[in-house]
Amino acid sequence: MEGLTKTHMYMIAYREIEPVVHSYFTKKEVKAERGEFSIEARLIFIIKYMASLNRGYQIVIQSQKEETVQVQLITLISTFELDEDAKKKMEEVTLWYWKSRMILDKWEASDIYNYLFLRLTDLGVYPEDRILKVKKVPTAQKESKGGFSYTLLDENPFESLTGLYNSLKETKCIASDTDFQTFYDAFTGKPLWEITKRIVWIRPKILCVYFIFRLLHIQKISKGNVLSITEKVSDYKIQQDTVHWKQLKHLFEDKKGRPIDNGAKEFAKIGVEVHPENTDIIDDMLVKGGLKGPINKW
């Protein structure tokens with residue numbers, strides 16, 4: 001699992017979970033039992049599941065008991081009881097996610113790590129990491145050719161992603177008719193070539209650049225999705241990097257439908273040539289706790 005970062009782990013988890021959720025909640029028997037789930041409702045379910053994955057992981061780490069793993073696992077995957085295949089796939093990705101976080105957090109020598117490894121071996125994920133093999137860690141070379149959207153990193157992606165979405169609307173930074181799927185795709189590590197709709201930014205272009213800069217600066221998104229979250233992000237690196245400005249151009253447009261481009265040039269002006277107005281709106285959202293969700297809590 002060399003080269004895996006928390007960003008990549010989130011991206012891979014989303015790509016494993018999403019098809020299972022979309023397929024499960026559109027099955028006739030599931031709709032008959034649970035009712036209709038719109039696309040937005042399914043996306044909300046996915047980010048809630050991600051939040052539960054992180055909460056369950058913390059409980060497992062604190063307990064270090066096999067029984068705790070089983071209780072947390074059953075709690076998470078019980079939603080999929082109407083389809084054994086879906087339930088098994090969610091069991092695999094849940095255990096894989098916890099094991100991967102243990103590697104990042106240096107818990108590989110623990111008994112509970114070995115237990116998770118054995119569980120995954122029984123499920124057929126190992127000896128080769130089938131999940132990681134199918135959903136390979138994106139390389140810098142691949143990103144430079146195609147690219148991926150931003151990945152919002154937070155222990156509670158549900159509160160942070162929906163909070164950011166609602167706050168940007170309420171402060172009139174993005175268009176009021178921005179649909180949640182477009183926003184979701186922009187911040188969950190999706191291949192850029194699959195994204196066909198941009199978020200409409202209705203305030204000055206330089207404020208959008210400042211918004212991305214602040215997300216990078218507080219390490220809520222990684223630089224180009226290839227930087228380890230533990231590496232310090234300097235303002236110089238932010239200015240010089242081309243990947244996140246390429247992402248910005250692909251994901252955001254102004255009121256006239258023009259892509260938000262030349263991000264590096266706009267960023268270079270901040271504090272030198274211009275002092276953007278309304279930066280307090282962004283700072284309140286991301287740093288001072290004004291966001292309707294704990295994005296400033298890691």
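Here are some notes:
- Between Ile199 and Phe252, Glu253, the built amide H atoms are under 5 Å apart, and every one of these is 5 or more places off in sequence or on another chain.
- J(HN,Hα) series, segment 42-56, from Karplus relation 6.51 cos²θ - 1.76 cosθ + 1.60, nearest Hz, glycine and proline x: 5, 5, 4, 4, 4, 6, 5, 5, 4, 5, 5, 4, 5, 5, x
- Residue by residue, segment 8-15 carries 3J(HN,Hα) couplings of 4, 4, 5, 4, 5, 4, 4, 5 Hz when phi is fed to the Karplus relation 6.51 cos²θ - 1.76 cosθ + 1.60 (θ = phi - 60°); x denotes Gly or Pro.
- For Phe148, the residues whose modelled amide H falls within less than 5 Å of its own, excluding neighbours fewer than 5 places apart on the same chain, are Leu192.
- For segment 64-75, Karplus couplings with θ = phi - 60° (6.51, -1.76, 1.60), whole Hz, Gly/Pro x: 6, 10, 5, 4, 5, 4, 5, 5, 5, 5, 4, 4
- Ser222 long-range amide H proximity, modeled H, under 5 Å: Thr151
- For segment 16-68, trypsin sites (Lys or Arg not before Pro) meeting the loop criterion (DSSP other than H, G, I, E, B) and having at most 15 other Cβ atoms within 10 Å: Lys27, Lys65.
- Fewest neighbouring Cβ atoms within 10 Å first, the residues His275, His244 line up as His275, His244.
- 20 Å Cα cut-off, lysine pairs counted over segment 6-134 (separation 8 or more, or different chains): 26
- Shape call, segment 1-90: gyration tensor on alpha carbons, a/c limit 1.5: oblate
Bear in mind these aren't lab numbers, they're just calculated from the coordinates by the rules spelled out. Just so it is clear, the model here is predicted, and its values are computed rather than measured. Don't worry about glycine lacking a Cβ; one is built from the backbone with ideal geometry, like all the others, and counts go over all protein chains shown.
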